[in-house]
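Shown next, in structure tokens, is the structure this report addresses.
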Amino acid sequence: MNAEIIAAGSELLTPQRVDTNSLHLTAELNALGVEVVRKTIVGDDRDRLAESVRAAVSHSDIVILTGGLGPTEDDVTREAVARALGRELVFRQELLDAIMARFARMGRQMAEINRRQAFLIDGGEALPNPNGTAPGQWIEHDGRVVMLLPGPPREMKPMFANECLPRLMRRLPPLVIRTRVYRVAMMPESDLDQAISPVYTRYSNPVTTVLADIGDIQVHLRSRAQSAEEAERLIDELGSQIEQVLGDRIYTREGETLEAVVGAALLRRGETLSVVESCTGGMLGERITSVPGSSHWFAGGFLTYTDAMKTALTGVDPELLRRHGAVSAEAAEAMALGCRERTGAAWSLSVTGVAGPGGGAPETPPGTVYIGLAGAEGCEVKRIFAPGDRQRTRRMATQAALDLLRRRLMR
């Protein structure tokens with residue numbers, strides 16, 4: 001079976017509000033073996049919402065609407081769904097009594113406009129809402145199921161768990177969905193897809209999705225089967241071939257961040273890390289400390305944006321900086337070695353570069369970054385060129401630094 005989710009509300013079309021309900025519902029439906037095939041956000045417009053509902057019920061087994069069940073003029077979900085299904089809205093006295101009783105328990109008198117929440121789509125079943133005044137609705141229509149759920153998550157989540165899930169479980173055939181998320185650092189999306197597309201295009205189950213971010217690519221596999229064992233087998237069959245093609249470029253198969261993977265490796269080895277940053281301005285340290293428990297393996301670091309601070313905090317020779325410049329392999333090496341000596345960490349990473357958009361020189365144009373990695377056996381330096389906007393260059397630099405350490409820890 002498949003499902004569509006429609007979030008109703010003009011506020012969700014503004015930059016201030018995000019539809020988080022659909023994420024929760026997708027996870028719950030996937031756990032039942034239901035594939036979510038489309039998500040839609042529609043403003044407070046009866047005609048457009050009705051049109052979206054008609055389209056959804058024409059090709060999806062389950063349609064879930066969230067929001068628009070309040071008492072005000074812009075709460076149009078009941079009317080829109082009734083119009084889409086060709087049904088009437090029927091006043092239900094018992095629903096009004098329940099709403100009035102809730103207001104009475106709060107010591108308030110119900111406003112007349114709350115009567116709108118006591119209308120039920122003909123043939124539908126009311127879903128009680130102990131956390132609000134808006135009852136939900138469960139409607140069976142031409143072999144499909146349409147659910148109307150309140151928009152506030154504190155109302156929607158318990159209603160779906162307590163009222164909708166048991167009903168769905170009675171209707172659904174046994175079907176299991178399993179997922180796997182590979183992540184790869186510092187590989188262009190086109191190169192990755194060229195490498196693995198001959199493998200994954202042979203399969204319709206699992207489905208493969210490739211998502212690209214700055215310096216990071218995710219490969220999502222999703223299988224569907226009658227049993228958990230079969231779903232896992234399908235994932236393993238395709239996944240093992242992808243792993244063989246990509247090899248150690250894969251840094252996780254569980255979707256963790258690169259900083260979390262590096263931290264886990266350091267923790268297993270009983271080792272620590274420190275950093276010294278210039279062009280990234282603390283971004284590397286921020287990523288590291290975003291990992292819970294990072295205090296067990298992260299010693300700390302230095303932010304050395306000027307030549308004077310590089311010398312004062314990590315002991316970089318001023319003559320070296322005058323001769324080679326702050327953006328150089330020599331500076332990155334000296335920064336990493338000095339950081340390791342001063343912090344006593346097993347490993348130290350340094351980052352120095354030209355984030356742009358201005359600055360730089362012919363030999364070090366904007367986007368040029370040097371990364372140093374110092375350990376017990378000395379220091380290695382890597383140069384990357386990541387032109388673009390300032391944020392992209394800085395993010396790419398931190399990704400390259402963490403991946404350099406990850407690969408060293410694998411040796």
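The values are calculated or read from the model by the stated rules, or taken from the named source; none is laboratory data. Since we're looking at a predicted model, the values are computed, not measured. Cβ coordinates were reconstructed from backbone atoms using ideal geometry, including for glycine residues, and neighbour counts include every protein chain displayed.
Whether a residue is touching a strand residue (DSSP E or B) at 6+ places or on another chain (Cβ under 8 Å) and either loosely packed, with under 12 Cβ neighbours inside 10 Å or at pLDDT below 95 (or both) was assessed, and V184 does not pass this test. Annotation note: of L148, L95, the sole residue that is in a helix (DSSP H, G or I) and assigned by TED's automatic domain parsing to the domain that holds A7 is L95. Output yes when any residue across the stretch 37-50 is touching a strand residue (DSSP E or B) at 6+ places or on another chain (Cβ under 6 Å), more than 20 Å from L168 (Cα to Cα) and surrounded by 22 or more Cβ atoms within 10 Å (Cβ to Cβ), and no when none is. Taking every residue of the stretch 37-50 in turn, at least one turns out to be touching a strand residue (DSSP E or B) at 6+ places or on another chain (Cβ under 6 Å), more than 20 Å from L168 (Cα to Cα) and surrounded by 22 or more Cβ atoms within 10 Å (Cβ to Cβ).
Looking only at residues of the stretch 29-47 that are part of a helix (DSSP H, G or I) and over 17 Å from V146 (Cβ atoms), we find that the one that is nearest to the chain's Cα centre (by Cα) is N30. Filtering R253, R233 for residues that are basic (K, R) and within 30 Å of G300 (Cα to Cα) leaves a single hit, R253.
Looking at this structure, is V57 of a type in the set (A, V, I, L, M) and buried (at least 20 other Cβ atoms within 10 Å of the Cβ)? When the stated conditions are applied, V57 passes them.
Among R268, R287, which is the only one that is surrounded by 16 or more Cβ atoms within 10 Å (Cβ to Cβ), of a type in the set (K, R) and either in a loop (DSSP other than H, G, I, E, B) or at pLDDT 95 or above (or both)?
R287
Only a single item in (1) among the small types (G, A, S); (2) more than 14 Å from A336 (Cα to Cα); (3) out of contact with any Ser or Thr (no Cβ under 9 Å at 6 or more places or on another chain) is not met by G315, and it is number (2). Just one of the numbered conditions (1) exposed (fewer than 13 other Cβ atoms within 10 Å of the Cβ); (2) in contact with a helix residue (DSSP H, G or I) (Cβ under 8 Å, 6 or more places away or on another chain); (3) within 19 Å of I371 (Cα to Cα) is not true of T306: (2).
Under the condition of being surrounded by fewer than 16 Cβ atoms within 10 Å (Cβ to Cβ), of a type in the set (D, E, K, R) and either in contact (Cβ under 8 Å) with a residue 12 or more places away in the chain or under 26 Å from R407 (Cα atoms) (or both), the residues counted in the stretch 203-235 number 2. For residues that are basic (K, R) and modelled with pLDDT under 95, scanning just the stretch 169-181, find the one that is surrounded by the most Cβ atoms within 10 Å (Cβ to Cβ). My answer is R178. The residues of the stretch 132-165 that are of a type outside the set (A, V, I, L, M) and under 28 Å from the mean Cα position of the chain (by Cα), listed by number, are P150, G151, P152, P153, R154, E155, K157, P158, F160, N162, E163, C164. When the stretch 90-132 is filtered for residues that are within 26 Å of L168 (Cβ to Cβ) and surrounded by fewer than 17 Cβ atoms within 10 Å (Cβ to Cβ), the ones remaining, listed by number, are V90, R92, E94, D122, G123, E125, P128, P130, N131.
Taking the criterion of being of a type in the set (S, T, N, Q), closer than 22 Å to P152 by Cα and out of contact with any strand residue (DSSP E or B) (no Cβ under 8 Å at 6 or more places or on another chain), the only residue of the stretch 53-87 that qualifies is T72. Where strands (runs of 3 or more DSSP E) sit wholly within the stretch 314-411, those with at least 2 residues that are outside the structural domain of G215 (by TED's automatic domain parsing), surrounded by 22 or more Cβ atoms within 10 Å (Cβ to Cβ) and of a type in the set (S, T, Y) occupy 347-353, 368-375.
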